[in-house]
Amino acid sequence: MAFANVVALLCFLATSIFTVEGEVRRFPDTISFGVATASYQVEGAWNVSDKGENIWDRFTHTTDSIRDRSNGDVACDSYNQHRRDIEMLKELGVDYYRFSISWTRILPDGFSNRLSQDGIAYYNTLINDLLEANITPYVTIYHWDLPQRLQDLGGWANPMMADYYTDFAKVAFEAFGDRVKHWLTFNEPWVICYQGYGMIEKAPALDMSGIADYLCGHSLLKAHAKAYHLYDDVYRPTQNGRIGWTLNTNYHEAASQSPADREAAERAMQFELGWFGHPVFSSEGDYSQILKDRVNQKSSEQGYPRSRLPEFTSEEVAYLKGTCDFFGLNHYSTNFVRMPTMALKSSKVSFDDDLGVEKFVDPAWPGSEADWLKVVPWGFRNLLNWIRNSYNSPEIIVFENGFPDRDDKDDVDRINYYNGYMNALLDAMEDGCNVTAYTAWSLMDNFEWSDGYTQRYGLYHVDFNDPMRTRTPKASAMYYKSILETRTIERD
Ligand SMILES: *[C@@H]1O[C@H](CO)[C@@H](O)[C@H](O)[C@H]1NC(C)=O
Ligand SMILES: *[C@@H]1O[C@H](CO)[C@@H](O)[C@H](O)[C@H]1NC(C)=O
């Protein structure tokens, strides 16, 4: 018997014997671990040097949309405290750190004709210090802080944004690509467009659901593909990095095994993950047929002369297909979906009306500080398998996963969340999902968008009343650290 077989047999015996409490599961050596943040949520220094105004500066300063009337003017002050951030990353023992670039910090006017040397210097220092600490930088080019000047031109609803965005990405590749080998073009296109253009939850709060959200998605997809091809054609040959983006979704589980409910759940997956996933990851490309059919039919019933969902030409379909080197996923929670018993009689044009399903949660699922975030680890496993089955077994990188509480340093609920979700991750890998990296959101408490500082996702606590923004490890930081050290987790 070969040595490997003996080891396998011993492992098998060990797992069969120790199926009692305290059983330990090992992560394969092929998976790496990290933590994430985003520029507006942690940097602060909103008006230092020649930094320009972005849509989150404008939104927090001029509306009362933020629950605690707060803003990211100072946030975690990482602009001045990045050395402490790197100490924390070393304490945790992460393989990589995912952060984003503030567009107006390096391009104050939004356009690439004028660069901020101070802005470029800030990211150079951060990147160099990370590499010095043996931590790999993973860079998100766009994590929601659009230059206000470009918003004034329509933001993502303006088709020219594909060019402006690619100009910005080019500056990033030129300035940092000699050292940065892991790029994400966009964080969560669905949230950018559905919540920012369709609703009022995120800047620019356009509130034109069923119209602006689809326009946003359309030029965002083109922007992504253009930046991908630029990297692929011009920079990859010398810089040898990888580039993709990260999509978010709840898992939508059918409320019953009836054909109608299963159809409803699949439709919800295609509207949320598939809106941006299908054009890039499916073998046929383009928006999914169900998305095109639903919006087209609704638009025609509502008297529009054409579908509210724009169309791609066949050249564009081909140009978009395959424009990711991996499948990036942000995931937090799950809901049930059922087909409405009667046609929902709504005359209001909206994305949700186009989708036309009912979503609900099981009241028995544990909750969190966020209404929408229920703790459902098996949904994570099912979602990873849905991606494997729908998109031909791609390599998957989990770029966000985490749990919000009010403000707790002895954060047992967060530990339970991570224990459940990381076990579900291992289950999915045993099912055959090729997950190569996992990222906890977030390194530290930070500005949680419209929820301000009322919801905390950090492994480190941040004291926002302290001018030093003192960071303290929570119990979950110690828990994550021990998983990374041993590459094992206790079976839940
Ligand atoms: C920057 O913004 C702060 C408020 O966050 C303000 O107190 C300060 O005066 C501003 N600095 C400049 C140079 O505009
Ligand atoms: C998983 O993805 C990695 C990176 O693309 C690849 O090298 C590896 O062969 C894949 N593993 C499986 C089992 O497909």
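Scanning the stretch 428-458 for residues that are farther than 13 Å from Pro28 by Cβ and within 16 Å of ligand 2 (Cβ to nearest atom) yields a total of 1. Considering only the stretch 231-257, how many residues are of a type outside the set (A, V, I, L, M), in contact (Cβ under 8 Å) with a residue 40 or more places away in the chain and more than 22 Å from Leu329 (Cβ to Cβ)? Final tally of qualifying residues: 4. For the stretch 37-71, a tally of residues being closer than 23 Å to Phe111 by Cβ, part of a loop (DSSP other than H, G, I, E, B) and within 15 Å of ligand 1 (Cβ to nearest atom) returns 10.
Restricting attention to the stretch 36-59, and to residues there that are touching a strand residue (DSSP E or B) at 6+ places or on another chain (Cβ under 7 Å) and polar (S, T, N, Q), which single residue is farthest from ligand 2 (Cβ to nearest atom)? Of everything passing the filter in the stretch 36-59, Asn54 is farthest from ligand 2 (Cβ to nearest atom). Hey, among the residues in the stretch 388-427 that are within 16 Å of ligand 2 (Cβ to nearest atom) and aromatic (Phe, Trp, Tyr), which one's farthest from Val376 (Cα to Cα)? Within the stretch 388-427, the match that is farthest from Val376 (Cα to Cα) is Tyr391. Looking across Tyr235, Tyr231, one residue alone is of a type in the set (Phe, Trp, Tyr), surrounded by fewer than 21 Cβ atoms within 10 Å (Cβ to Cβ) and more than 23 Å from Trp449 (Cβ to Cβ). It is Tyr235.
When the test is whether a residue is assigned to a helix (DSSP H, G or I), out of contact with any Phe, Trp or Tyr (no Cβ under 6 Å at 6 or more places or on another chain), polar (S, T, N, Q) and within 25 Å of Arg242 (Cα to Cα), Asn80 does not pass it.
Return a yes/no flag: does the stretch 364-373 have any residue that is more than 26 Å from the chain's Cα centre (by Cα) and more than 16 Å from ligand 2 (Cβ to nearest atom). Looking for residues that are more than 26 Å from the chain's Cα centre (by Cα) and more than 16 Å from ligand 2 (Cβ to nearest atom), one finds at least one in the stretch 364-373, hence yes. Residues in the stretch 432-441 include none that are modelled with pLDDT of 95 or more and within 16 Å of ligand 1 (Cβ to nearest atom). For Leu131, the conditions (1) more than 16 Å from ligand 1 (Cβ to nearest atom); (2) in contact with a helix residue (DSSP H, G or I) (Cβ under 8 Å, 6 or more places away or on another chain) all hold with the exception of (2). Pairing each residue of the stretch 59-81 that is farther than 16 Å from Pro204 by Cα with any residue that is within 11 Å of ligand 1 (Cβ to nearest atom) and assigned to a loop (DSSP other than H, G, I, E, B), provided the two are 6+ apart or on different chains, yields C-beta distances under 6 Å for Asp73/Trp46; Val74/Gly44; Ala75/Gly44; Asp77/Gly44; Tyr79/Gly44; Tyr79/Ala45. Checked against the criteria, Gly420 counts as small (Gly, Ala, Ser) and touching a residue at least 60 places away in the same chain (Cβ under 8 Å). Please go through (1) on the phi > 0 side of the Ramachandran plot; (2) within 16 Å of ligand 2 (Cβ to nearest atom) for Thr323 and return the number of the only condition it doesn't satisfy. Among (1) on the phi > 0 side of the Ramachandran plot; (2) within 16 Å of ligand 2 (Cβ to nearest atom), Thr323 violates only (1). Residue selection: Thr104 fails the criterion of being within 26 Å of Met161 (Cα to Cα), in contact with a Lys or Arg (Cβ under 7 Å, 6 or more places away or on another chain), touching a residue at least 12 places away in the same chain (Cβ under 8 Å) and in a strand (DSSP E or B).
The values are calculated or read from the model by the stated rules, or taken from the named source; none is laboratory data. These figures come from a predicted structure and were not determined experimentally. Counting neighbours? That spans all protein chains shown, and the Cβs are built from the backbone with ideal geometry, glycine included.
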